[in-house]
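Below is one structure; the comments refer to it alone.
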Amino acid sequence: MCGIVAIINKNGRPVEFEVLSRMADKLNHRGPDDEGHLIEGSIGFYHKRLSIIDLVTGQQPMTSGPVSIVFNGEIYNYIELRDALKKNGHSFQTTSDTEVILHMYLEHGLEFVSHLNGMFAFLLYDRERKQIIAARDHFGIKPLYFYNGNGYLIFASEIKAILEHPAVVAEPEYRSIQDYIIYQYVMNGDTFFKGVKKLLPGHFLQIDL
């Protein structure tokens, strides 16, 4: 279990480290072993790590060429994927499944998600294409929430990290609360908080910057 946070300032203003780190602090329980961040102008990533695979060199955010990632989860078939990528000329600096995701994207483009067998939620930043890709595993084992409003696009592993951003107001979404009372389930990726959504299992978002 790891924690990921991302801020995209759609108004172009630089991401403030203090805001990003304060949001990430809400996820300390998810990643007690290590942490790291990346800020490039209006884009900011933060990662709280629980070390499972590649305990020494698997720090995040991780970058390969023009692409960076923050990742929560485990890719079960990463060894097979890495072997195939090596045959196609890819070289690796770590033994982590995180780096395999990066190279799968570089090799296959947006089709890469269909090759991943595991539980995952991640955010991938492609500088060349000026895109961010958010993805979640097919069964929705790993969580990923987002808020889109007031000039910001914000992602986090848990809602309380999103609510820590000063642009987000914690207002109840009464329709979702009613749905939960009736069905014991919240519909359509909604949450109990107005404006905060859950990325559905097996889905991804492609965000043009």
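The values are calculated or read from the model by the stated rules, or taken from the named source; none is laboratory data. Note that the coordinates shown come from a computational prediction; the quantities given were computed from them, not determined experimentally. We place every Cβ from the backbone using ideal geometry, glycine too, and count neighbours over all the protein chains shown. The accessibility values were calculated without ligands, DNA or RNA, using every heavy atom of the protein model including side chains. Shrake-Rupley method; radii C 1.70, N 1.55, O 1.52, S 1.80 Å.
Here are some notes:
- Charging the Cβ of each Asp and Glu at -1 and of each Lys and Arg at +1, and nothing else, the dipole of the stretch 59-130 about its Cα centre rounds to 200 debye.
- Net charge of neighbours whose Cβ lies under 14 Å from the Cβ of P172, counting Lys and Arg as +1 and Asp and Glu as -1: -2
- A viscosity of 1.002 mPa s and a temperature of 20 °C, combined with the Kirkwood radius over C-alpha pairs in the Stokes-Einstein formula, give the stretch 102-148 a diffusion coefficient of 185 µm²/s.
- In terms of its C-alpha gyration tensor, the stretch 91-179 has a prolate overall shape, because the principal axis ratio a/c (a ≥ b ≥ c, square roots of the eigenvalues) is not below 1.5 and a/b outweighs b/c.
- Relative contact order, percent, the chain [alpha-carbon distance under 8 Å, six or more residues apart]: 21
- Between helix 78-87 and the chain: long-axis angle, C-alpha atoms, 0 to 90°, nearest 10: 50
- Portion, in percent, of the accessible area of the chain that falls on carbon or sulfur, probe 1.4 Å: 51
- Computed over the chain, the per-residue total of -39500 (n - 2.57) for DSSP H runs of n ≥ 4 gives a 222 nm mean residue ellipticity of -6500 deg cm²/dmol, rounded to 500.
- Mean-position separation - Cα centroids, the stretch 61-97 and the stretch 106-178, in angstrom: 20
- Check: the chain dipole with +1 on Lys, Arg Cβ and -1 on Asp, Glu Cβ, in debye: 340
- Simple spin-label estimate for K86 and H115 in nanometres, 7 Å along Cα-Cβ: 1.5
- Structure note, pairs K160/K194; K48/K160; K86/K130; K130/K198; K48/K86; K26/K197: Cα-Cα distances above 20 angstrom occur for K86/K130; K130/K198; K48/K86.
- More than 20 angstrom apart: percent of Cα pairs within the stretch 1-149: 45
- Sites R22 and I182 - FRET efficiency at Förster radius 35 Å, r taken between beta-carbons, to 0.05: 0.45
- Solvent-accessible heavy-atom area per residue, rounded to whole Å², over the stretch 1-137 at 1.4 Å: 43
- Sites E107 and K130, calculated FRET efficiency, Cβ-Cβ separation with R0 22 Å, nearest 0.05: 0.65
- Rh by Kirkwood over Cα pairs, then Stokes-Einstein D for the stretch 127-168 at 0.692 mPa s and 37 °C, µm²/s: 278
- Taking the C-alpha atoms only, the angle from helix 97-108 to the longest principal axis of the chain is near 80 degrees.
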